[in-house]
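Notes follow once the structure below has been shown.
The values are calculated or read from the model by the stated rules, or taken from the named source; none is laboratory data. Remember, predicted model here, so these are calculated numbers, not experimental data. Positions of Cβ are backbone-derived with ideal geometry, glycine not excepted, and every protein chain shown enters the neighbour counts.
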Amino acid sequence: MKSAIINSKIFTGEEILENKVIIIESGKIISILSELPDEIETVDLKGKNIAPGLIDIQVNGGEKNYFSQFPNEETLRDMSDACCKYGTSFFLPTLVSSKHDDILIAIEAVKNFKKKNGSVVMGMHLEGPFFSPEKRGAHNKNIIRKPTNKELEEIIYYGRDVVKIITIAPEIFTDEQIDLLLTSSIQISIGHSNMTYEQAQYYFSKGIHLVTHLYNAMSDFFHHAPGLVGAALENEDVYTPVILDGYHVHYGAARIAYRLKKEKLFLVTDCAFLGRKVQSFNWESFDATLIDGRYCNQEGTLAGSAISMAEAVKNAKENLYCSIQEAIEMATSRVARAIQMDTEIGFIKPGFPANFFVFDNDLNGKVLSFNKSYENSIHQ
């Protein structure tokens, strides 16, 4: 049965449309029309705005469970429900630095969940364990290590069509290992790295065009040594996600990135848990406590944010002084382009999922989804 979304301002991911009707069938957008067809079920948004479903490529936990502690389908359901509840339609569950066997277990869990639950879980983000020890952040120092060819080959083999992003410090890899990843289906993101500006530009020239959470856990910018931060800001081909919670990055630094990176700047949450219901968390040598709106470990190191993607969008509008359209695109079309999924998600156009973010002019919003997991329902 076809449905029509009416009475809304449409933020397509590329432009703003008014006085148009979105036609939905079988969980997909089939057309955008100027007139409402006869005898069709309607969803009246009563003047609110509608955008593509928000995308978050770095989510560590749901309302209750932390994926790296419990890399199973129950946790993925918790994360999916929480993302939808707090405004995100598509996400990458993120596995922090883990033992090799646990990486393979997480891959299998995501693979099985995707088969049963459609495309809300896009795949997996493997963050570590192949990091520079100096920039490990809150990651377990006993697990951080250099990679072996064998484990990379197994991650690529078992992770095909599942692991979308792997965050690494390329300076601890051999050129052969980097080339192995570059020729795989897994996209490399540079993060938790202490590399020099010159090293960063070298790896960017090899085809790496993404970094993990700009400014955080990477070599800093100094006027004599611009580091990974400087290289990422300067290089026009590099996408730079930023955590806009007011703690991970000073808003002044975020505004500099906004002016320099333009359409290559997008949003990520790196949330430890959604909903701020988990006050403290301790697992093996990893701990996190919610303090003044962000998670920190016992050493005082940031251990994840507490914001949702919808909150990040609102923070972008209020603190980057950008338009609503830009703020929305930082969480939709720009993300899709950065992770090379812009033919599948991130836009309102025919053939794309009928999975939306409906919001008012203050950017308070919720998910409206017609996919099989969240059939024709608006989630609070």
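For the reader, a short list of remarks on this structure follows.
- For region 71-184, the strands (runs of 3 or more DSSP E) that sit wholly inside it and include 3 or more residues that are modelled with pLDDT of 95 or more and under 20 Å from A200 (Cβ atoms) are 163-168.
- Flag if K277 is surrounded by 15 or more Cβ atoms within 10 Å (Cβ to Cβ) and of a type in the set (K, R): no
- Wholly enclosed strands (runs of 3 or more DSSP E) of region 239-300 bearing at least 2 residues of a type in the set (S, T, N, Q) and farther than 23 Å from I190 by Cα: 280-283
- Residue selected from region 1-51 under the condition in contact with a helix residue (DSSP H, G or I) (Cβ under 9 Å, 6 or more places away or on another chain) and in a strand (DSSP E or B), by the criterion surrounded by the most Cβ atoms within 10 Å (Cβ to Cβ): A51
- Of the residues making up region 290-302, at least one is free of Cβ contacts under 8 Å to residues at least 12 places away in the same chain, β-branched (V, I, T) and assigned by TED's automatic domain parsing to the domain that holds S98.
- Residue list for region 64-85, filter: over 14 Å from the mean Cα position of the chain (by Cα) and of a type in the set (S, T, Y): Y66, S68, T75
- All positions within region 187-207 that are part of a loop (DSSP other than H, G, I, E, B) and buried (at least 22 other Cβ atoms within 10 Å of the Cβ): G191, H192, M195
- If the condition is being exposed (fewer than 15 other Cβ atoms within 10 Å of the Cβ) and under 28 Å from A82 (Cβ atoms), then region 111-156 contributes N112, K115, K116.
- Evaluation of E344 against (1) in a strand (DSSP E or B); (2) not assigned by TED's automatic domain parsing to the domain that holds I208 (one fails), failing number: (1)
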